[in-house]
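The values are calculated or read from the model by the stated rules, or taken from the named source; none is laboratory data. The shown structure was predicted, so the numbers you read here are calculated from the model rather than taken from an experiment. So basically every Cβ, Gly included, is an ideal-geometry build from the backbone, and we count neighbours across all protein chains shown. Ligands, DNA and RNA are excluded from the accessible area calculation, which covers all protein heavy atoms including side chains. Shrake-Rupley method; radii C 1.70, N 1.55, O 1.52, S 1.80 Å.
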Amino acid sequence: MSNDKKLSILKDILGDCFYSQNGKGAREYLFFCPFCDSRKQKLSINIEKGVSKCWVCANTSKNLFYLVRKFGTPSHIS
């Protein structure tokens, strides 16, 4: 699955995101965290590596499929 398709699915589930690029060139997308309901976009997702981390509640995932399965619908999984 392409990174664009993954980003599209994540946007559909988590809403709009903010694009960020750190000094090392890693591209990350910031979303609102569905676990802690922070008022700021603090859920950082690196699509290329397939990892996520919330900088408020410290929830981490080494598999983006976990987020899709937990908060998405069956149509997102197939």
Of all residues in the stretch 16-42 being assigned to a strand (DSSP E or B) and aromatic (Phe, Trp, Tyr), the one that is nearest to residue 72 (Cα to Cα): 31
Residue in the stretch 52-78 that is modelled with the lowest pLDDT, counting only those that are more than 10 Å from the chain's Cα centre (by Cα) and among the β-branched types (Val, Ile, Thr): 77
Index of the failed condition, residue 17 passing every other in (1) surrounded by 16 or more Cβ atoms within 10 Å (Cβ to Cβ); (2) at positive phi: (2)
Residues of the stretch 25-51 that turn out to be free of Cβ contacts under 8 Å to residues at least 24 places away in the same chain and either over 10 Å from the mean Cα position of the chain (by Cα) or over 12 Å from residue 10 (Cα atoms) (or both), as a count: 12
From the options 13, 45, residue that is aliphatic (A, V, I, L, M), part of a strand (DSSP E or B) and closer than 18 Å to residue 2 by Cβ: 45
Identity of the residue in the stretch 48-78, open to solvent by 100 Å² or more (accessible area, probe 1.4 Å) and not acidic (Asp, Glu), that ends up nearest to residue 26 (Cα to Cα): 49
